[in-house]
Amino acid sequence: MLRYHKFTIGHAWMSEYGSPDEEEHYKNLIRYSPLHNIPDSVDNYPATLLLTADHDDRVVPLHSFKFIAELQHKLGSRLSNIPLMLRVDTKAGHGAGKPTERIIEECVDIYSFIINSLNLKFNE
């Protein structure tokens, strides 16, 4: 949340989120910025799947890349059995107008992640 306004359309959100360049706004933003609130040490962390698209100009993919990289850096070696994953939809934007086939593929990936993370077993 501290650099969102530096990329693509992020500057247009300043009326909603505030400007990180102003001290008061900065203090508020850092308190709930997901990237800046990843715990340094934790014994338990949930399985995490982030979704982004390589041509999303509203929520720039670099935020997802930075977040998952920071999770892996801080938690990866200690929690190697917890999946920390990033799904990047290629040749796609913010989501509107996505073909049905791509929606199905995304849903399959999401449900597969949930099933795997919860270690669910199905009987035939």
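Using just its DSSP H runs of length 4 or more, each adding -39500 (n - 2.57), the chain gives a mean residue ellipticity at 222 nm of -11500 deg cm²/dmol after division by all residues. The residues His63, His55, when put in order of fewest to most other Cβ atoms within 10 Å, stand as His55, His63. Restricting segment 25-106 to trypsin sites (Lys or Arg not before Pro) that sit in a DSSP loop and have at most 16 other Cβ atoms within 10 Å of their own Cβ leaves Arg58, Arg78, Lys91.
Taking a sphere under 15 Å around the Cβ of Thr48 and counting the other residues whose Cβ falls inside, with K and R at +1 and D and E at -1, yields a net charge of +2.
Can you pull the Rg over Rh of the chain, Cα-only, Kirkwood? Rounded to two decimals, Rg over Rh is 1.03. Charge dipole (Cα centre; +1 on Lys/Arg Cβ, -1 on Asp/Glu Cβ; no other charges) of the chain amounts to roughly 200 debye.
No lab work stands behind these numbers, since they all come straight from the coordinates. The structure displayed is predicted, hence computed values, not measured ones. Every residue, glycine as well, gets a Cβ built from its backbone with ideal geometry; the counts of neighbours run over all protein chains shown.
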